[in-house]
1. May I ask you to say which residue of Gly4, Gly47, Gly28, Gly43 is out of contact with any His (no Cβ under 8 Å at 6 or more places or on another chain), under 19 Å from Lys128 (Cβ atoms) and open to solvent by less than 30 Å² (accessible area, probe 1.4 Å)?
2. Name the residue, out of Lys251, Lys240, that is modelled with pLDDT of 95 or more, assigned to a helix (DSSP H, G or I) and of a type in the set (Lys, Arg).
3. Quick one: Gly154 ticks every box in (1) at pLDDT 95 or above; (2) open to solvent by less than 10 Å² (accessible area, probe 1.4 Å); (3) out of contact with any Leu (no Cβ under 6 Å at 6 or more places or on another chain) bar one, so which box is it?
4. Could you list, ordered by first residue, the pairs with Cβ atoms under 7 Å in which the first is in the stretch 211-230 and without any contact (Cβ under 8 Å) to a residue 24 or more places away in the chain and surrounded by fewer than 13 Cβ atoms within 10 Å (Cβ to Cβ) and the second is part of a helix (DSSP H, G or I) and aliphatic (A, V, I, L, M), at least 6 apart or interchain?
5. Taking the stretch 1-49, which residues are farther than 17 Å from Gly154 by Cβ, assigned to a helix (DSSP H, G or I) and in contact with a Lys or Arg (Cβ under 9 Å, 6 or more places away or on another chain)?
6. Being open to solvent by 20 Å² or more (accessible area, probe 1.4 Å) and either closer than 24 Å to Ile160 by Cα or touching a strand residue (DSSP E or B) at 6+ places or on another chain (Cβ under 7 Å) (or both), is that true of even one residue in the stretch 73-80?
7. Only one of (1) open to solvent by less than 10 Å² (accessible area, probe 1.4 Å); (2) over 16 Å from Gly164 (Cα atoms) fails for Met115. Which number is that?
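The values are calculated or read from the model by the stated rules, or taken from the named source; none is laboratory data. Note that this is a predicted model, so its numbers are computed, not measured. Here the Cβ positions follow ideal geometry from the backbone for every residue, glycine too, while neighbour counts run over all protein chains shown. Just so you know, the surface numbers come from the protein's heavy atoms only, side chains and all, with ligands and any DNA or RNA stripped out. Shrake-Rupley method; radii C 1.70, N 1.55, O 1.52, S 1.80 Å.
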Amino acid sequence: MNIGFIGLGAMGELIVPRLMAAGHTVTGWNRSRGKAEALIAAGMKWGDTTKAVAATSEIVFSIVTDSAAVKAVALGPDGIVAGLRQGGIYIDMSTIEPDASREVAAQFAKAGSIMLDGPLSGSPVTVKAGQASVMIGGDEAAFERAKPVLLAIGPKVTRIGGNGLACQMKIAVNLLLMVEVICFGEAVALAEKGGVGREVAVDAILKSVAASPVLGYRGPFIIDGRMPAVPLADVTLQQKDMMLALNLGRKLGSPVPLAAAANEMMNACRGLGIDANDFVVAHQVYRRLGGQESGGQDSGGQA
């Protein structure tokens with residue numbers, strides 16, 4: 001199948017090879033072409049505009065930063081909507097506000113094509129391992145048409161409901177993930193304060209009933225020298241998703257007190273200048289609040 005892919009950042013650059021390995025022809029576009037060169041060398045075609053990419057594709061994916069970026073690539077005379085054929089499918093994998101996704105979907109419906117929200121749950125680690133999951137919101141028949149392609153990205157593909165509901169579910173999942181990772185740092189700092197070695201504490205948690213996939217690959221980052229040079233999700237990126245949860249809770253009248261507390265830890269990371277690290281670095285905030293030594297990773301750079 002001819003597939004378009006818009007946004008070749010940390011996730012896009014890993015998803016495109018999976019689509020090509022499944023036998024699909026992929027045409028890509030990114031705001032800066034430099035990020036696409038390795039994929040082009042591997043066989044990906046290049047489109048000069050998002051409209052040009054859509055014109056050659058049966059299904060177009062995008063994964064970009066926020067709702068403004070989605071609207072920029074999807075709408076307008078040079079956007080995906082202008083190039084996608086009648087009945088074509090656009091799947092946005094970005095994490096954005098549900099209402100913003102519905103607004104974009106309405107424009108595609110007016111043009112005679114279909115938009116699905118399809119946020120990806122996972123990190124570069126899970127995408128590489130073939131364990132990422134995709135949640136879909138929108139037309140059920142379009143979902144069934146796209147499902148074989150989605151299964152090339154990850155083995156867990158679920159239709160959540162109508163347009164915008166996959167975005168809403170992704171925000172809820174990210175809320176849970178972030179609170180879990182922040183609480184992990186709190187637990188380790190507490191154990192350390194009482195005399196348990198950090199490596200011992202991390203190992204004990206990962207062997208306990210509290211262990212989870214995200215802690216399995218992210219938890220060890222807090223051990224001295226293990227923070228990755230390129231974060232899976234730095235503080236600013238993760239806080240963007242947490243603000244989506246806080247705003248959604250406000251709009252729906254649904255309390256999210258743990259999300260608010262986790263967000264304050266992200267604020268503290270920024271205040272201490274350690275926000276360039278993966279957001280699990282909040283562990284260092286707990287150590288400082290508890291009067292413990294910094295642990296070697298609070299200079300703002302990655303250890």
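1. Numbers: Gly4 fails: under 19 Å from Lys128 (Cβ atoms); Gly47 fails: under 19 Å from Lys128 (Cβ atoms); Gly43 fails: open to solvent by less than 30 Å² (accessible area, probe 1.4 Å).
After applying the criteria, what remains is Gly28.
2. Details: Lys240 fails: modelled with pLDDT of 95 or more.
The unique qualifying residue is Lys251.
3. Here Gly154 meets the rest and fails (1).
4. Pairs found: Gly216/Leu206.
5. Ile40, the sole residue that qualifies.
6. No, that holds for no residue.
7. In the conditions (1) open to solvent by less than 10 Å² (accessible area, probe 1.4 Å); (2) over 16 Å from Gly164 (Cα atoms), Met115 misses (2) alone.
Residue-by-condition table, conditions (1) over 16 Å from Asp78 (Cβ atoms); (2) of a type in the set (D, E, K, R):
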position	(1), (2)
Glu13	yes, yes
Ala21	yes, no
Thr25	yes, no
Ala38	yes, no
Ala52	no, no
